[in-house]
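Notes to accompany the following structure.
The values are calculated or read from the model by the stated rules, or taken from the named source; none is laboratory data. It should be emphasised that the depicted structure is a prediction, and the values quoted were computed from it without experimental measurement. Neighbour counts run over all protein chains shown; Cβ positions are idealised from the backbone, glycine included. Calculation scope for accessible area: heavy atoms of the full protein, side chains included, ligands and nucleic acids excluded. Shrake-Rupley method; radii C 1.70, N 1.55, O 1.52, S 1.80 Å.
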Amino acid sequence: MRRVAALTVALLLAASTPGAANAQARFAFGVFGDTPYLPGEELVVATMIDQMNDAGLAFVVHVGDLKASWTPCTDALMEERLALLQRLRVPLVVLPGDNDWVDCGRESAGRYDPLERLEKFRTTFHSGDASLGAPPMSLERQSADPRFSEYREHVRWEAGRVLFVGLNVTGTNNNRRPSMEAEYRLRSDAVNAWLAESFAIAKKQRLRGVVVLFQGNPGLDGKRLSRGWKDGYAEFRAELASRATAFGGPVLLVHGDTHRFRVDRPLVDPRSGQRVDNVTRLEVFGAPWNGWVRVGIDGSAPQVFEIRDEPYRTKTE
């Protein structure tokens, strides 16, 4: 099995201790999402980026929704968002949210073809084999597998003996609706395959933890977030529970969508009805409450992850 792309980070080793040679990497990354939405939030995001540039982060992930659902899904806006995010002086991964493609068929968003907008998102934010940002980092993409050649946005990389996995799992019921069932089915199969392979890699290589990043709130406590449609997250929750349980080590799920900063352990295994205790959920801030979250990685610590919301937070009036 291939090794995933590895990010070289500064190692902070406890050199004075006898076991220093076996110490794990310690570093931090930043995560944010669901912004900018409202007028003026581009300046807020620029300020957040400046702060992240000075925070000594190894990389940053935007988990999706680069605009509001009612904002027209134009090429020009996508290019503006790319230029804004490229202010980052660290590697950057941008994942798709529902506002970026799923909801583009709405009249207020310009009645675009959602699948065409998803392809535009891919060519804008996921061209080549590396991340955005400066300097970029190498990524492994699911599109390298001929069976899933279109899913360039499904990525992974390794840093500090932790595997990071990025997915296209979005709000608006993960795009599962009667008119888009075929798209959902193909993408869900790709997501499940990427998760299965990623957790198998983490287990085989005895990595310390796994971080799974995506945009949509998948109802981790089993509560339905949609009405009238088949649950677009049921398979995803079941796959997460199964793979995380088999892995056994700490797993961090990072998402946005419902604009509520929280850290908890809500994932329930649908087979047993029991909580999956090795899985922590982090939901990031979202407009009008804008902020970013610092996640520390310490491979020598039992829980591996240390989550801290940064002091820079602001509400757009």
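Tabulated values for the structure
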| quantity | calculated |
| --- | --- |
| Mean residue ellipticity (222 nm) of the chain, computed from DSSP H runs ≥ 4 via -39,500 (n - 2.57), nearest 500 | -8000 deg cm²/dmol |
| Derived scalar couplings ³J(HN,Hα) [segment 86-91; Karplus, 6.51 cos²θ - 1.76 cosθ + 1.60; whole Hz; x for Gly, Pro] | 6, 5, 5, 9, 9, x |
| Exposed trypsin sites (Lys or Arg not before Pro) absent - longest run of the chain, DSSP non-H/G/I/E/B, at most 10 other C-beta within 10 Å | 4-205 |
| Förster radius 30 Å - calculated FRET efficiency between Glu181 and Ser272, Cβ distance, rounded to 0.05 | 0.55 |
| The chain - accessible surface per residue (Å², probe 1.4 Å) | 42 |
| Within segment 172-242: Cβ-based charge dipole about Cα centre, in debye rounded to nearest 20 (Lys, Arg +1; Asp, Glu -1) | 200 |
